[in-house]
Amino acid sequence: MTSAHISGHLNCRLHLFMGEMDLCGWTSRRVAPEAGSSMAKPRSPPPRPRVNGWSRPIHTPPVIVWTSLLALAFTSFGIFIPLLPYSLKLVAYSVSFSLVTGGLLLFHLVVLVATITIDPAEPNVRRKNYRRPGTIFDRSKLLLFTETRYCHLCGVTVNARAKHCRACNKCTAGFDHHCKWLNNCVGSRNYWWFFTSVLSAVACLLCLMAIVTYIMIIYWVDQEALRSDPQFQKITDENTWLLFLPFIPLKVKAPVLLTIGAAVLVLVISGLLMLGYLFVFHVYIRAKGLTTLEYLKRGR
């Protein structure tokens, strides 16, 4: 397969995966909304430039990210890891928390929070007072920006690779893309934090998938291996299981446990497909020396 074929395939898949990604006011599918479409009235930029991913307004995608993260962490350490045999339980906890193994989950949380917290704006933009309302977004002024490198919206001169993000209403240094899932731009100041957060998320999901898959298989092969916790000695019904061991054991029937396991597997596999593709895509464009915006513009 030639480089052109790979590029074309990635470009097609990226459009399907990222949809109408807002790239400083430029979308991956059309330059202007079609008349009568739901995109005819795009979401207005914030009245004040967004400092980072914690700045309001907070939209639905970041809420989905944090809800999914908390749900997976809760089920991992409250349901599945306590069911593992003692030896495997020690390994699972060490992969997640031990400083020897790098604290996979804690490491992911650190790089994720860093990606969201870092202000990716240009240095001249960061020196301005974010508390003052920004200039109303005007697409026509972006034409002057391309020629002079002076952003009339931010009122500063910026680097050649900077772009004014409509969603954040400010110029982002080394603009790559605006990530709606993190509520923040990804640029040169936080790109590698973003890249590492994607990689660590993939690693966490692979570990969780291995744990849940193992439990689902052993459930049908040797259920006693999953009842190693001493509190199971008080349970006489083989169809009854304990969740949230060892502190607040909750009795549930086997179908409940299996349903939770299946739901978690679906969520994990979905996350792996999306994040795995995102990781491969960014490895590809970095090897080409491109940003996401530059790659998409080349494919227009």
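The values are calculated or read from the model by the stated rules, or taken from the named source; none is laboratory data. If you're wondering where the values come from, they're calculated on a predicted model, not measured in any experiment. Positions of Cβ are backbone-derived with ideal geometry, glycine not excepted, and every protein chain shown enters the neighbour counts.
Under 6 Å between Cβ atoms, at least 6 apart or on separate chains: pull out the pairs that start in segment 148-160 with a residue that is farther than 19 Å from residue 293 by Cα and end on any residue that is of a type in the set (S, T, N, Q) and surrounded by 13 or more Cβ atoms within 10 Å (Cβ to Cβ).
150/157; 153/135; 156/124
Report, by residue number, each residue of segment 256-298 that is part of a helix (DSSP H, G or I) and of a type in the set (Ser, Thr, Tyr).
The answer is 259, 270, 277, 284, 292, 295.
Scanning for something of a type in the set (S, T, N, Q) and either within 21 Å of the chain's Cα centre (by Cα) or crowded, with 19+ Cβ neighbours inside 10 Å (or both), does segment 280-292 turn up at least one residue? So that I can check it myself, show each step before the final result.
Our first condition is that a residue be of a type in the set (S, T, N, Q); within segment 280-292, this holds for 291-292.
Now restrict to residues that are either within 21 Å of the chain's Cα centre (by Cα) or crowded, with 19+ Cβ neighbours inside 10 Å (or both): 291-292.
Taking every residue of segment 280-292 in turn, at least one turns out to be of a type in the set (S, T, N, Q) and either within 21 Å of the chain's Cα centre (by Cα) or crowded, with 19+ Cβ neighbours inside 10 Å (or both).
Would you confirm, using the coordinates I've provided, whether residue 251 is of a type in the set (Lys, Arg) and more than 21 Å from residue 185 (Cα to Cα)?
Here the answer is yes, as residue 251 does meet what is asked.
Quick check on residue 213: is it under 16 Å from residue 120 (Cα atoms) and among the polar types (S, T, N, Q)?
Answer is no for this residue.
Report, by residue number, each residue of segment 205-232 that is out of contact with any strand residue (DSSP E or B) (no Cβ under 9 Å at 6 or more places or on another chain), of a type outside the set (Val, Ile, Thr) and under 15 Å from residue 78 (Cα atoms).
Within segment 205-232, 208 is the sole residue that qualifies.
Scanning segment 100-134 for residues that are surrounded by 15 or more Cβ atoms within 10 Å (Cβ to Cβ) and in a loop (DSSP other than H, G, I, E, B), which turns out modelled with the lowest pLDDT?
Filtering segment 100-134 for residues that are surrounded by 15 or more Cβ atoms within 10 Å (Cβ to Cβ) and in a loop (DSSP other than H, G, I, E, B), the one modelled with the lowest pLDDT comes out as 134.
Of all residues in segment 39-57, which are within 14 Å of residue 165 (Cα to Cα), at pLDDT 85 or above and not basic (Lys, Arg)?
49, 51, 52, 53 - these are the residues of segment 39-57 that are within 14 Å of residue 165 (Cα to Cα), at pLDDT 85 or above and not basic (Lys, Arg).
Does residue 97 fit the bill of being more than 19 Å from residue 269 (Cα to Cα), modelled with pLDDT under 75 and of a type in the set (Phe, Trp, Tyr)?
Considered against the rule, which asks whether it is more than 19 Å from residue 269 (Cα to Cα), modelled with pLDDT under 75 and of a type in the set (Phe, Trp, Tyr), residue 97 comes out as yes.
Within segment 162-170, identify whether any single residue is surrounded by fewer than 17 Cβ atoms within 10 Å (Cβ to Cβ) and touching a helix residue (DSSP H, G or I) at 6+ places or on another chain (Cβ under 8 Å), and answer yes or no.
Initial filter on segment 162-170 (surrounded by fewer than 17 Cβ atoms within 10 Å (Cβ to Cβ)): none.
Checking segment 162-170: not a single residue is surrounded by fewer than 17 Cβ atoms within 10 Å (Cβ to Cβ) and touching a helix residue (DSSP H, G or I) at 6+ places or on another chain (Cβ under 8 Å).
Scan segment 206-243 for residues that are surrounded by 15 or more Cβ atoms within 10 Å (Cβ to Cβ) and among the aromatic types (Phe, Trp, Tyr) and jot them down.
214, 219, 232, 241
Looking only at residues in segment 142-162 that are of a type in the set (D, E, K, R) and not in a helix (DSSP H, G or I), which one is modelled with the lowest pLDDT? So that I can check it myself, show each step before the final result.
Our first condition is that a residue be of a type in the set (D, E, K, R); within segment 142-162, this holds for 147, 149, 161.
Restricting the remaining residues to those that are not in a helix (DSSP H, G or I) gives 149, 161.
Working: 149: 79, 161: 88.
Once the filter is applied, the top-ranked residue is 149.
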